[in-house]
Amino acid sequence: MKPLEHAMIDEFKTHFRGEALLPGDAGYDEVRQIWNAMIDRRPALIARCVSTEDVVQAVGFARKHNLLVSIRGGGHNIAGNAVCDDGLMIDLSLMKNVQVDPKARRATVEPGCTLADFDAAAQAHGLATPLGINSTTGVAGLTLGGGFGWLSRKYGMTIDNLLSAHVVTAEGRQVHASATEHEDLFWGLRGGGGNLGIVTSFEFQLHPVGPDVLSGLIVFPFDQAKSVLTQFARFTETMADELAVWMVTRKAPPLPFLPAEVHGKEIVALALCYAGDPSLGKKLIEPLRRFGTAHGEHIGVQPYMAWQQAFDPLLTRGARNYWKSHNFSKLSDGAIDAVIQYVGTLPSPQCEIFVAAIGGQTARVAPEAMAYSSRDANYVMNVHARWEGATNDEACIAWAREFFAASQPFASGGAYINFLTQDETDRIAFAYGATYNRLVELKKKYDPTNLFRMNQNVRPV
């Protein structure tokens with residue numbers, strides 16, 4: 001790839017309505033920094049788009065000059081694919097419009113929106129769609145990789161609620177993909193992870209949620225982990241679709257409802273959300289309290305938006321992060337024992353292992369219905385290594401990899417594409433499973449030169 005020349009950049013700027021940033025420009029370093037501080041790349045040019053026409057212009061410029069392209073929505077992806085070295089970073093973060101039709105229960109969302117942006121607009125009408133659990137996550141990346149959260153057992157994956165999308169292809173064409181237009185592209189967008197084009201507008205189905213929901217935490221001592229995790233595994237197999245219960249084990253943050261002597265000690269926490277009548281939810285969660293003798297709990301009826309932001313303080317940008325992930329159809333004793341063993345050797349106070357219990361509606365969609373095929377994943381486990389300072393890289397990454405290997409014998413097929421790190425290209429075909437070959441064919445059709453390759457890449461070969 002040849003270096004960008006001033007004349008080339010000047011020509012680009014004459015047709016580009018957004019902001020074009022070069023190294024050394026004010027704002028350049030801020031925009032190129034993303035959530036995971038391990039990613040430190042320097043694009044030759046950052047195109048901060050404000051419209052679909054800007055995206056078309058940027059794609060055409062990249063294609064004409066054979067530039068490496070990265071695409072930034074929320075900049076939250078663990079692999080850091082939002083930023084490239086020496087190429088063109090197409091930044092969509094300024095495109096943040098959300099339009100809600102409360103009667104039709106539909107929302108149109110631009111790709112720069114975070115979960116907080118989308119939730120705020122939808123909750124103004126008492127509506128929501130399944131998203132993630134960290135409000136600073138970008139809607140675009142979350143959706144294209146699948147998307148799941150507190151509402152997924154009741155209403156499915158994020159992609160199960162995607163009705164249509166406006167897409168800019170590698171050729172620079174604008175197309176509308178839905179169940180009746182460009183159906184093959186629509187199939188691939190739902191889980192294909194940005195391989196097939198740049199989505200400039202998502203249309204979602206909304207559902208009545210809240211605005212207040214029963215939610216909160218129960219925190220147990222780590223020496224009760226075996227009992228708590230075993231009961232968690234059995235309880236979540238039959239719980240109501242409206243109820244989501246996730247498990248996280250880590251060193252306790254200084255939560256105000258915990259005794260001071262517990263802070264910094266290993267704990268097992270159950271996080272729950274009931275997407276229904278809170279009075280009924282209170283009865284359904286009562287068995288959770290009998291899993292052990294809790295250090296404390298903080299459960300109540302609170303705004304859904306507040307619960308969506310509850311874990312933000314533990315997931316702020318600027319730390320170094322490395323993930324490993326498995327899917328499980330069932331949590332066996334072997335998987336539970338592996339969790340307990342490795343939480344006993346946490347290399348950083350911020351490291352954790354969480355298990356999201358999904359299932360419910362997420363499991364009722366046919367595996368071949370869209371690119372995301374892991375419909376037997378009743379549990380998604382994320383080994384979240386998080387730390388400060390590069391001197392801790394080796395220890396924290398090694399811990400995550402060792403636990404990943406120890407728990408692998410108990411995992412089911414597939415993997416959650418949004419949780420794959422940049423060194424896991426060998427797992428991409430495994431993650432997609434039976435749908436991978438069809439994705440390859442779509443890649444050949446919509447991006448035969450692999451222009452969009454800064455992602456969990458499906459190569460057109």
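Values quoted throughout were computed directly from the atomic coordinates according to the rules given, and no laboratory measurement underlies them. Note that the structure is a prediction, hence the values are computed from the model and not measured. Cβ atoms come from the backbone with ideal geometry, glycine included; neighbour counts cover every protein chain shown.
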Completion exercise
Over the range 151-188, the set of residues within 21 Å of R453 (Cα to Cα) and of a type in the set (S, T, Y) is T169
Practice task
Quickly run through the range 316-363 and pick out the residues that are of a type in the set (S, T, Y) and under 29 Å from A37 (Cβ atoms).
Solution key: T316, Y322, S325, Y342, T345, S348
Problem - Lone qualifier among G264, G318 - being at positive phi, more than 23 Å from the chain's Cα centre (by Cα) and surrounded by fewer than 20 Cβ atoms within 10 Å (Cβ to Cβ) - result: G264
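Residue-wise test of (1) out of contact with any Asp or Glu (no Cβ under 7 Å at 6 or more places or on another chain); (2) under 21 Å from G192 (Cβ atoms).
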| residue | (1), (2) |
| --- | --- |
| A79 | yes, yes |
| K96 | no, no |
| Q123 | yes, no |
| I133 | yes, no |
| T143 | yes, yes |
Handout entry: Filter result for the condition that a residue is under 23 Å from S329 (Cβ atoms), buried (at least 16 other Cβ atoms within 10 Å of the Cβ), more than 16 Å from the chain's Cα centre (by Cα) and among the hydrophobic types (A, V, I, L, M, F, W, C), over A356, A406
Key = A406
Problem - Residue among T249, T230, T238, T293 that alone is of a type in the set (S, T, Y), on the phi < 0 side of the Ramachandran plot and surrounded by 19 or more Cβ atoms within 10 Å (Cβ to Cβ) - result: T249
Practice task
Give the residue that is nearest to I90 (Cα to Cα), with candidates limited to residues of the range 149-169 that are part of a loop (DSSP other than H, G, I, E, B) and touching a strand residue (DSSP E or B) at 6+ places or on another chain (Cβ under 9 Å).
Solution key: T169
Fill in the blank from the handout: Of (1) under 28 Å from R153 (Cα atoms); (2) more than 20 Å from the chain's Cα centre (by Cα); (3) without any contact (Cβ under 8 Å) to a residue 40 or more places away in the chain, T391 fails just (1)
Fill in the blank from the handout: If you go through A434, A429, the only one that is surrounded by fewer than 16 Cβ atoms within 10 Å (Cβ to Cβ) and either basic (K, R) or in contact with a Ser or Thr (Cβ under 6 Å, 6 or more places away or on another chain) (or both) is A434
